[in-house]
Amino acid sequence: MASQVLNSPSKTAHLIDVIKLFDEVELADSPETKLVDTVEAIAELVGLLEGLPTEPPSLYFDLEGVNLSRVGTVSILQLHILPSKQTYLIDIHSLHDKSFSTPGGNGCTLKKILELDTIPKVFFDVRNDSDALYSHFGIRLAGVQDLQLMELASRSFLRKNVNGLAKCIERDAPLSAEERANWIRIKEKGVRLFAPEKGGTYEVFNERPLPADIVLYCAQDVQILPRLWAQYYRKLSSGWKKKVLEASGDRVKLSQSATYNGKGRHMALAPRGWH
Ligand SMILES: *[C@@H]1O[C@H](CO)[C@@H](O)[C@H](O)[C@H]1NC(C)=O
């Protein structure tokens with residue numbers, strides 16, 4: 001009797017829906033994270049990216065990969081859209097160029113969005129991300145606001161070295177005690193899976209389906225970026241805002257040069273003339 005009920009077509013369809021929903025909840029642990037791993041899903045996403053508010057910026061990005069750079073590969077592009085509070089994990093490992101070249105209903109592509117100067121895009125340290133996007137997909141980022149530079153510019157003294165994202169989040173992101181504990185827990189689980197020095201491997205970003213702990217790891221930082229943006233932005237004079245935009249553009253340009261090297265002490269130095 002029970003198997004008859006399960007085998008009737010509408011019940012089966014319903015069951016599949018429930019399982020999918022359960023999988024999604026399990027995977028993302030929150031309804032706000034969506035995996036984008038088909039051209040249809042890319043087209044739909046691209047359709048959502050035009051005409052969004054620009055202040056505060058609507059689009060927050062991060063990237064994961066194996067040796068993320070011109071010699072490595074890109075696995076996941078994370079995008080958080082502030083107005084809808086949705087986070088998208090775009091499966092670059094599976095979709096390759098199609099991630100960037102698939103048009104939405106409006107004819108726009110993700111590549112175009114990334115290259116439009118009039119659409120602000122927030123990254124935290126854009127250099128390696130830009131190096132990878134440019135060298136593998138020919139993407140010339142424009143309209144970048146680099147949060148790492150915003151933090152540096154927002155300081156009242158000692159503008160010598162930039163800070164890493166974890167330090168910025170711990171110091172400046174308004175997180176509740178519970179959010180903070182969660183953030184640390186998710187970060188530690190993720191690091192154990194991908195960091196070679198912790199016994200992990202970056203190849204975990206190319207496993208499909210993406211392990212649940214990696215989904216959480218990928219989603220969490222990009223969701224915090226808008227809070228950091230707001231913290232830093234309100235401390236900047238119009239002069240510093242302009243300098244941040246210029247220096248962000250300089251970082252993109254540098255990352256596209258033949259001699260760019262993302263490794264070493266020089267990566268921590270403030271832009272010339274900032275201190
Ligand atoms: C940037 O990429 C290089 C490898 O090209 C890596 O050694 C370095 O740690 C990366 N920097 C950051 C801030 O991720």
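No lab work stands behind these numbers, since they all come straight from the coordinates. Worth saying up front: this structure is predicted, and the values here are computed from it rather than measured. For neighbour counting, all protein chains shown are included, and Cβ atoms are generated from backbone atoms with ideal geometry for every residue, glycine included.
Expressed per residue, the C-alpha convex hull volume of segment 83-150 stands at 114 Å³.
As an exercise, use a Förster radius of 30 Å and the Cβ-Cβ distance of K98 and K242 to find the FRET efficiency, rounded to the nearest 0.05. Efficiency, from the Cβ-Cβ distance: 0.25.
Sorting 68-74, 53-59 by their mean Cβ neighbour count within 10 Å, with the most densely packed peptide first, gives 68-74, 53-59. Taking a ≥ b ≥ c as the square roots of the eigenvalues of the alpha carbon gyration tensor, the chain is prolate, as a/c is not under 1.5 and a/b beats b/c. Converting phi to 3J(HN,Hα) with the Karplus coefficients 6.51, -1.76 and 1.60 and the offset θ = phi - 60°, segment 198-203 yields 10, x, x, 8, 4, 4 Hz in sequence order, with x at every glycine or proline. For segment 102-172, the set of trypsin sites (Lys or Arg not before Pro) satisfying both a DSSP loop assignment and a count of at most 12 other C-beta atoms within 10 Å is given as K160.
Each pair of Cα atoms in segment 225-275 enters the Kirkwood radius, and Stokes-Einstein at 20 °C and 1.002 mPa s then converts it into a translational diffusion coefficient of 169 µm²/s. Which lysines have a Cα lying under 24 Å from the Cα of K167, excluding residues fewer than 8 positions away in the same chain? The reachable lysines, counting only those whose Cα sits under 24 Å from K167, are K85, K121, K187, K189, K198, K235, K241, K243, K263. Against the chain, whose longest principal axis is taken from its Cα atoms, helix 177-194 shows a tilt of about 80°. Going by a ≥ b ≥ c, the root eigenvalues of the Cα gyration tensor, does segment 120-275 fall in the rounded group (a/c under 1.5), the prolate group (a/b larger than b/c) or the oblate group? The shape class here is oblate.
In degrees from 0 to 90, rounded to the nearest 10, what is the angle of the helix 238-255 Cα long axis to the longest principal axis of the chain? Once rounded, one gets 70 degrees. For T33, the residues whose amide H sits under 5 Å from its own are T87, ignoring neighbours fewer than 5 places away on the same chain, with H placed 1.01 Å from N. Using the Cβ-Cβ distance between N182 and R155 with R0 = 22 Å, the FRET efficiency computed as 1/(1 + (r/R0)^6) comes to roughly 0.20. Residue by residue, segment 209-220 carries 3J(HN,Hα) couplings of x, 4, x, 3, 5, 6, 4, 4, 4, 4, 6, 6 Hz when phi is fed to the Karplus relation 6.51 cos²θ - 1.76 cosθ + 1.60 (θ = phi - 60°); x denotes Gly or Pro.
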